[in-house]
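Colleague: There's a structure below that I have some questions on.
The values are calculated or read from the model by the stated rules, or taken from the named source; none is laboratory data. All values derive from a computational prediction rather than experimental measurement. All Cβ positions, even for glycine, are placed from backbone atoms using ideal geometry, and neighbour counts span all protein chains on display. With ligands, DNA and RNA removed, areas are computed over all heavy atoms of the protein, side chains included. Shrake-Rupley method; radii C 1.70, N 1.55, O 1.52, S 1.80 Å.
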Amino acid sequence: MSSYLNFIAEKNQVKYLIITIAFIIFSFFWIYPLLWVLSASFKTDFEIWGGLGLIPDRLVWENFERAWFGANMGRYFFNTLIITVVSVIIVVVTTGMFGYVIGRYSFPGKKILIGILISTIFIPQGYTIIPVFDLLNNLNISKNLIGLTLATAGHTPVIYILLFAGYFSRVPVELEEAAKMDGAGFVRTFISIMLPLTKPVVATVSILQVLHAWNDFLLPVVITLGNPDIRTLSVGVYAFKGEYFVDWSGMAAASVITILPIIILFLFMQKYFVEGVQGAVKG
Amino acid sequence: MHKKPLSKQIYDARWCYLFVLPCSILTGMFVIYPIGMSWYFSLLDWSGFTKEAKFIGLQNYYEAVNDKFFWDAFIRSFIFMFGTVPVKIVLGFIIAVFLNNQVLKLAPFFRTVIFMPVVTAIAIIGIVMTFVFSPFNGPANKFLMSTNLTSAPIDFLGNPDTVLPTVMGVYVWKWLGITMMYWLAALQTVPQDVYDAAKIDGAEGYRLWIHIILPIVLPFAIVIILVEAVGALNVFPLIETMTAGGPFFSSEVMEIYIFRTAFVTDSGTMPRLGYACAAGVFWGVAVLFITVLQGLWMRRTRRI
């Protein structure tokens, strides 16, 4: 790709420099709140409110100890991890199967199915939360991780399905016919021919679901109202704020425990994050 | 060509039905069923914690439309939308235009930095921001005072006049990375030859943008506005963790109102799931109405 839309002429060094410096300053201010909480997690309470500097006098690792053991963030970390991993598996398998069929086959009722799905795309979570809460209670799975995991996997799947369906619909028919000639059935064609081809979509959908599951708040806060044992990290930090209001450094450490894994994942798999996000408007 | 009978068609597609089943069950349980049930619940006088529920018809709706707090929250949700979406669209566009330059060596780095808040848990952002905007030596006030922009600390989140703009600012900061990515995707669809042709014709500077590039990205703009507008109506986690709707309900948007009437019992009132569902249904219909309106607008613009 050549440099179209370049209104910064390559010869104009001064303009180039000014724009770069402006963006560096802007970026610093932009990221400052995140750097601030990272540095606060290693500071003493006294030091946090002392100045704007980001480098702690010494690294106070005890903050993390208090958060992990004292405020139960360790437990919440594993709760969140389980919910995230299992819901990703559920979502990839179910929407992958759905997207495959939608993208490659036509069958009676397909249009109705798609229509119902599309109509749910903009349903606000606040609108469905109360019946979901009631449903999990009635099924007796509101007090353990099963209910929370299922409900986390069960939010509106439209974007995932569109990503899968779009990708599957572009796979050449010859591949499928060759598989059929070899005597492969419907399921085997899907698992051994189709699924390996969609690795990029699987990655994108997984990342989007990780982001959703790890960072969700309304659902877990409602489901865990009476069950502190199954809290997720976000809910845990929120409860921390209510229970240990004066432990600023501990709260900062708990926040870092929550956000750091996703930020690291993002830095390594940025491409898939971007593809997932852009899929929403391209589709 | 004659068509196969329907029963044969369905039989032939048996694998298809099996494949759509798992996802359909999940969506049915957690999306479709709740939508239907909230209509039913909204007709009940029901606390949600006992089996006792009395059918009271439209009384919950009647009560909601006569509740001042309901309408305040309703209007505030739209203030939030109209205050944040245009800022995000314009700011996101400007940043995307700059960062779309391959000449800018650090563009990928800037993109990463601007996108960073997007991947950060929203509840954590809300909590951290209560520190950042604290009137007691919070970094925001520290900065303003050390640069002599203010003489006394501002109680950003404790003052009913500043709380909503502050939360809106944080919202824009948190999600601008997504808007930027949308715009980058849009700008990358502008074909090279269109640009070259315009250059040959002598279109330069702002003319190039207004006459050539804006018309190409316009269809994207409409989708972006739609997605952003609906997004700005769903701000529960940020506001709940930053202010819980306070002070004195001055930042209570619709979702906070629903949550408060459904679950929050600290003022000694009973939770009222039936009533909250009525407010939720009213709200859901309003959002749907806006979505449909925008959808129609989208189709009209596309036809032109």
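Colleague: Sequence-distant or interchain residues sharing an amide H contact under 5 Å with B:Asp45, placed H: which?
Modeller: B:Lys54, B:Phe55, B:Ile56
Colleague: Only protein chains counted, 1.4 angstrom probe. Which residues of the range B:121-169 are at least 50 Å² less accessible in the assembly than when their chain is isolated?
Modeller: Going by heavy-atom accessible area, the residues of the range B:121-169 that drop by at least 50 Å² are B:Ala121, B:Ile124, B:Ile127, B:Val128, B:Phe131, B:Pro139, B:Lys142.
Colleague: Then there's this: Highest GNM mean-square fluctuation, chain A, Cα pairs closer than 10 Å: which of A:Asn63, A:Asn138, A:Asn12?
Modeller: Highest fluctuation among the options: A:Asn12.
Colleague: Something else about it: Which three semi-axes in whole Å describe the equivalent ellipsoid of the range A:36-192, each the square root of 5 times a Cα gyration tensor eigenvalue, listed largest first?
Modeller: Values: eigenvalues 416, 95, 55 Å².
The three semi-axes for the range A:36-192 are 46, 22, 17 Å.
Colleague: For the range B:68-303, report the accessible area per residue in Å² (1.4 Å probe, heavy atoms, rounded to an integer). Intermediate values should be presented prior to the final figure.
Modeller: Numbers: 9660 Å² over 236 residues.
Averaged over the residues of the range B:68-303, the accessible area is 41 Å².
Colleague: If the only charges are +1 at each Lys and Arg Cβ and -1 at each Asp and Glu Cβ, what is the size of the charge dipole of the range A:86-226 around the Cα centre, to the nearest 20 debye?
Modeller: Computed charge dipole of the range A:86-226: roughly 100 debye.
Colleague: Quick check: the distance between the Cα centres of the range A:211-247 and the range B:227-264, to the nearest angstrom?
Modeller: The two parts, judged by their Cα centres, are 16 Å apart.
Colleague: Which residues, if any, in the range A:125-150 lose at least 30 square angstrom of accessible heavy-atom surface (probe 1.4 Å) when the other protein chains sit next to their chain rather than the chain being alone?
Modeller: Correct list: A:Gly126, A:Tyr127, A:Thr128, A:Ile130, A:Pro131, A:Val132, A:Phe133, A:Asp134, A:Leu135, A:Leu150.
Colleague: Of A:Lys110/B:Lys3; A:Lys180/B:Lys4; A:Lys241/B:Lys142; B:Lys88/B:Lys174, which sit over 19 Å apart, Cα to Cα?
Modeller: From A:Lys110/B:Lys3; A:Lys180/B:Lys4; A:Lys241/B:Lys142; B:Lys88/B:Lys174, over 19 Å: A:Lys180/B:Lys4; A:Lys241/B:Lys142.
Colleague: Restricting everything to alpha-carbon atoms, can you work out Rg to Rh for the protein assembly as shown with a Kirkwood hydrodynamic radius?
Modeller: So for the protein assembly as shown, dividing Rg by the Kirkwood Rh gives 0.98.
Colleague: Within the range B:41-56, what residues put their amide N at less than 16 Å from the label point 7 Å along the Cα-to-Cβ vector of B:Tyr62?
Modeller: So the set is B:42-46, B:54-56.
Colleague: Which residue, B:Ala13, B:Ile213, B:Phe282, has the largest displacement toward the positive end of the dipole of chain B when charges sit on each Cβ (Lys, Arg +1; Asp, Glu -1)?
Modeller: B:Ala13
Colleague: With charges only on Cβ, +1 for K and R and -1 for D and E, what is the dipole size of the protein assembly as shown about its Cα centre, in debye, rounded to 20?
Modeller: Taking the Cα centre of the protein assembly as shown as origin, the dipole is about 1620 debye.
Colleague: What does the charge dipole of chain B about its Cα centre add up to, to the nearest 20 debye, if the Cβ of each Lys and Arg holds +1 and the Cβ of each Asp and Glu holds -1?
Modeller: 1020 debye
Colleague: How big is D, in µm² s⁻¹, for chain A by Stokes-Einstein at 37 °C and 0.692 mPa s if Rh is the Kirkwood radius over C-alpha pairs?
Modeller: Calculated translational D: 147 µm²/s.
Colleague: Taking all pairs of distinct Cα atoms, average 1/r, flip it, and tell me the Kirkwood hydrodynamic radius of the range A:13-64 in Å to one decimal place.
Modeller: Values: mean 1/r = 0.0789 Å⁻¹.
That comes to 12.7 Å for the range A:13-64.
Colleague: In Å², and per residue, what accessible area does chain A have when probed at 1.4 Å with the other protein chains present?
Modeller: In whole numbers, chain A has 46 Å² accessible per residue.
Colleague: For the range B:68-303, what does the equivalent ellipsoid look like in terms of its semi-axes, each the square root of 5 times an eigenvalue of the Cα gyration tensor, given largest first in whole Å?
Modeller: 37, 25, 13
Colleague: Follow-up. How much of the accessible area of the protein assembly as shown, in percent, comes from carbon and sulfur atoms when a 1.4 Å probe is used?
Modeller: 69 percent
Colleague: If one takes the accessible area of chain A alone plus chain B alone and subtracts that of the pair, with a 1.4 Å probe, what total in Å², rounded to the nearest 100, results?
Modeller: Heavy-atom accessible area buried at this interface is about 9200 Å².
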